[in-house]
Amino acid sequence: MPLVPMRQILDEAAKGGYGVGAFNANNMEQAQAIFRAGAETESPVIIQVSRGALKYSDMDLLVVILQQLTRMYPRLKAAIHLDHGNSVETCRKAIELGFSSVMMDGSLAEDGKTINAYVKNVEVTLLVVELAHPLGVTVEGELGALGGLEDGHGAGLSGDEVRKHLTDPNQAKVFVDATGVDCLAVAIGTSHGAYKFTRPPTGAVLRMDVIKAIHQQLPDCHLVMHGSSEVSEGLLDVIRMYGGYIKPTYGVPVREVQEGVRSGVRKINVDTDSRLAMTGAVRKIFACEPTKFDMREWLGPARDAMQAVVKSRMISFGSAGHNNDYEPMTLDDMKKAYGY
């Protein structure tokens, strides 16, 4: 099946009242884990690729793997999405590579660290929309700034700094109206990476009330939660048990994501949980079977561990069982349907 526009996947999720996990891939094993979980749960798939992942895989190689997987799983509705594009040119390159969706993270400057002025964010995001929509490609924008650093994107904010850069609900409406983005990533206190919170998050640090306020302002815009890995004790315990060190940390509880889904969140970004699951599996193999040296004998279990996490999130976010609810659109169909 050709790639479908991410906008269609999110539109259908809105109709069905569920969320769709967006999972990052850096190599073949991660990509396989995502597609296998989608097939197992009959869930539509959003597979994300960051600039760091493209660099790691020599760019074209990972894209070829993803495109081949769409042919191997012809029944799955899948979108390939550029995560945290840092410039118009980065988004342009992703579209040329065949991505059906791109994110223009205009909340940050091109260095991926410096916070952009609002006017600059609107300017670069609008340029990407004008580039992508005539081709039927979905565009995600971001307003506000997330904490943490992951693959070079994130302002390095923490604590009170994060709270100073939460998305303003009133400004969010103006931003969406000015740019025409299909979905909006919002800052509600989450961070990239494993170290999101130093204690179980409460309403004071994980601002689900901001999500609700934005949804009231933008009831028809799909909202996106970044930095939404659970960072569960179960995943951390495996790493620690077999020689790894992870400082005490807390992620975003699945129940909070589910509350977000009830308030207009349709795309939920998950990356760190996949990394933790794979790392724990590899550490266990190396610790328990020290004679192993064939990479297939540790990459295979790592892939299985990530697949289990992705499957669990697809079920928890509500997308499981919805892959066959609707007929897929092509990018050309999207142009005609939405008047791009």
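Annotation: of all residues in segment 163-184 being more than 12 Å from Ala145 (Cα to Cα) and acidic (Asp, Glu), the one that is surrounded by the most Cβ atoms within 10 Å (Cβ to Cβ) is Asp182.
Out of the residues in segment 233-254 meeting the condition of being of a type outside the set (Val, Ile, Thr) and within 18 Å of the chain's Cα centre (by Cα), tell me which one is surrounded by the fewest Cβ atoms within 10 Å (Cβ to Cβ).
We begin by selecting, within segment 233-254, every residue of a type outside the set (Val, Ile, Thr); these are 233-237, 240-245, 247-248, 250-251, 253.
Imposing the further condition that a residue be within 18 Å of the chain's Cα centre (by Cα) reduces the set to 251, 253.
Numbers: Gly251: 28, Pro253: 16.
Filtering first and then ranking leaves Pro253.
Scanning segment 211-223 for residues that are under 18 Å from the mean Cα position of the chain (by Cα) and either of a type in the set (A, V, I, L, M) or in a helix (DSSP H, G or I) (or both), which turns out farthest from Ile268 (Cα to Cα)? For segment 211-223, the residue satisfying everything is Ile211.
Against the numbered list (1) buried (at least 17 other Cβ atoms within 10 Å of the Cβ); (2) modelled with pLDDT of 95 or more, Ala53 comes up short only at (2). Quick check on Ala281: is it surrounded by 18 or more Cβ atoms within 10 Å (Cβ to Cβ) and not polar (S, T, N, Q)? Against the criterion (surrounded by 18 or more Cβ atoms within 10 Å (Cβ to Cβ) and not polar (S, T, N, Q)), Ala281 qualifies. Looking across segment 1-53 at every residue that is touching a His at 6+ places or on another chain (Cβ under 9 Å) and basic (Lys, Arg), the one that is nearest to Gln307 (Cα to Cα) is identified as Arg51.
Inside segment 103-135, can you point out the residues that are in a helix (DSSP H, G or I) and hydroxyl-bearing (Ser, Thr, Tyr)?
In the first step, residues of segment 103-135 are kept if they are in a helix (DSSP H, G or I); the result is 118-135.
Once the filter is applied, which keeps residues that are in a helix (DSSP H, G or I) and hydroxyl-bearing (Ser, Thr, Tyr), segment 103-135 yields Tyr118, Thr125.
Residues of segment 78-97 that are touching a strand residue (DSSP E or B) at 6+ places or on another chain (Cβ under 7 Å) and under 24 Å from Gly38 (Cβ atoms): Ala78, Ala79, Ile80, His81, Leu82, Asp83, His84, Gly85, Ala94, Ile95.
Among the criteria (1) surrounded by 21 or more Cβ atoms within 10 Å (Cβ to Cβ); (2) over 17 Å from the mean Cα position of the chain (by Cα), the one Glu289 does not fulfil is (1). Looking at the structure I just gave you, is Pro74 touching a residue at least 60 places away in the same chain (Cβ under 8 Å) and surrounded by fewer than 20 Cβ atoms within 10 Å (Cβ to Cβ)? In short, yes.
The values are calculated or read from the model by the stated rules, or taken from the named source; none is laboratory data. For clarity, every value in this text was computed on a predicted model and none was experimentally measured. Positions of Cβ are generated from backbone atoms using ideal geometry, with glycine treated the same way; all protein chains shown enter the neighbour counts.
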